[in-house]
Amino acid sequence: MPKLARELQAIEVARLTGDRLHMVGGVQGLGLQVNGASRAWVLRAVVGGKRRDMGLGSYPEVSLAMARKKAAEAREAIRQGIDPVAQAKGARSALRAAEAAALTFEQCAERYIKTHRAGWRNPKHAAQWESTLALHAYPVLGDLLVRDVALTHVMQVLEPIWTETTETAVRLRGRIELILDWAAARGLRDKDNPARWRGHLDKLLPKPSKVARREHFAALPVSEVGAFMVRLREVEGMGARALEFAILTAARSGEVRGATWSEIDMQAGVWTIPGSRMKAGKEHRVPLSDAALAVLAALPEGEPDDIVFGSQKGGRLSDMTVSAVLRRMGVPAVPHGFRSTFRDWCGERTNYPREVAEAALAHAIGDKVEAAYRRGDAFEKRRVMMQAWADFLARVEQPAQVVELRRAAGSAA
């Protein structure tokens with residue numbers, strides 16, 4: 001039987017010196033490890049046939065009485081076949097795992113945005129996510145542990161804005177759903193997603209199409225666009241030229257403002273917009289009419305990476321610069337509205353097939369079956385159509401005149 005150390009008193013423990021393990025008695029194997037100014041309790045015991053030194057805390061934070069109590073409990077665990085060291089490691093590991101899983105909804109949202117930010121083409125996208133979540137979701141969900149977010153909380157966020165700002169509410173619902181799906185995939189929640197629409201929220205909230213106040217982009221009637229183009233060509237400035245080019249190509253303002261000379265093939269009459277700049281994420285070829293080429297030919301020649309419609313300070317024009325052209329002209333329309341004018345012209349004044357017009361507008365194909373079978377982009381058909389559009393824009397339509405037909409004098413009643 002090993003020799004038991006003399007049971008030291010608290011004042012004797014306080015006076016121990018010498019860098020070594022000082023046995024303090026009271027519990028077999030309990031000692032105070034002195035190393036300079038550092039002092040810590042150690043229990044030396046045999047566990048599973050091997051000698052183990054178990055730390056019991058530092059001195060004097062852990063008193064002599066508390067050290068003896070902890071040592072006695074560890075000895076009792078060993079007698080019952082339990083490894084106190086392994087048990088303590090397991091407890092620490094479980095605590096770390098619990099802390100890692102105890103993320104709030106706001107923390108998960110921040111991590112989701114950080115992870116996906118690089119994949120979003122438009123820098124404004126992340127800002128929109130952050131602003132809508134901060135304004136509407138965080139006041140209710142922000143401090144909740146993500147594993148505890150339930151239907152009641154989601155409805156508390158969505159119901160107040162569902163009929164007032166429907167488009168924002170719809171986008172917010174989708175963002176909450178994605179964040180909760182992300183959390184589930186990371187093992188942070190194991191419940192159904194309370195923000196999912198189909199088969200769930202669609203039973204509790206009215207369809208967005210039934211309550212949304214749809215606002216269309218202000219556009220000029222087809223009959224007035226020719227006269228407008230005459231006025232536009234008299235306006236000086238890069239904003240006016242960008243707007244003219246956008247109308248001739250039926251392109252979006254952002255696509256025109258971001259165009260570089262490397263995308264333009266003047267000889268072939270083609271503008272190739274890379275997928276990274278397209279709303280649908282796919283490369284889009286635009287056939288350039290004679291009028292569109294004339295706009296480009298009149299611009300200062302630039303290097304391949306230079307912006308075609310550059311601002312005076314360098315770089316691309318702002319969307320407000322192009323919109324300001326219409327305001328100064330007193331025209332009740334917005335740049336995007338001319339895409340609607342073009343679509344109306346296709347449908348009302350021509351026999352071009354719908355799919356050719358939609359391809360010119362670079363609209364995504366909603367029907368999956370149709371999308372699977374339509375592999376081409378109808379480029380040559382679109383070239384003919386865009387030239388016809390440019391020719392139409394070059395004509396000024398005269399308003400119809402109503403002539404009153406009077407009876408000839410002396411005619412029979």
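The values are calculated or read from the model by the stated rules, or taken from the named source; none is laboratory data. Keep in mind the model is a prediction, meaning the values are calculated, not measured. Cβ atoms come from the backbone with ideal geometry, glycine included; neighbour counts cover every protein chain shown.
Looking only at residues of the range 58-74 that are part of a helix (DSSP H, G or I) and surrounded by 17 or more Cβ atoms within 10 Å (Cβ to Cβ), we find that the one that is modelled with the lowest pLDDT is ALA74. Return the residues of the range 175-197 that are surrounded by 13 or more Cβ atoms within 10 Å (Cβ to Cβ) and part of a helix (DSSP H, G or I); say none if nothing qualifies. Answer for the range 175-197, where residues must be surrounded by 13 or more Cβ atoms within 10 Å (Cβ to Cβ) and part of a helix (DSSP H, G or I): ARG175, ILE176, GLU177, LEU178, ILE179, LEU180, ASP181, TRP182, ALA183, ALA184.
Residue-level analysis places MET329 among those that are surrounded by 14 or more Cβ atoms within 10 Å (Cβ to Cβ) and farther than 27 Å from GLU380 by Cα.
The rows are residues; the columns are (1) farther than 20 Å from ARG117 by Cα; (2) in contact with a Gly (Cβ under 9 Å, 6 or more places away or on another chain); (3) among the aliphatic types (A, V, I, L, M).
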position: ASP143; (1), (2), (3): yes, no, no
position: HIS153; (1), (2), (3): yes, no, no
position: GLU177; (1), (2), (3): no, no, no
position: ALA183; (1), (2), (3): no, no, yes
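Filter the range 280-336 for residues that are under 24 Å from MET266 (Cα atoms) and among the charged types (D, E, K, R) and give the result. Those that are under 24 Å from MET266 (Cα atoms) and among the charged types (D, E, K, R): LYS282, GLU283, ARG285, ASP290, GLU301, GLU303, ASP305, ASP306, ARG316.
The residues on offer are ALA218, ALA212, and the sole one that is within 24 Å of the chain's Cα centre (by Cα), at pLDDT below 95 and among the aliphatic types (A, V, I, L, M) is ALA212. Every listed requirement among (1) surrounded by fewer than 20 Cβ atoms within 10 Å (Cβ to Cβ); (2) modelled with pLDDT under 90 is met by PRO353 save one, (2). Where strands (runs of 3 or more DSSP E) fall entirely within the range 4-57, those with at least 1 residues that are of a type in the set (Lys, Arg) and surrounded by fewer than 18 Cβ atoms within 10 Å (Cβ to Cβ) are at 38-47.
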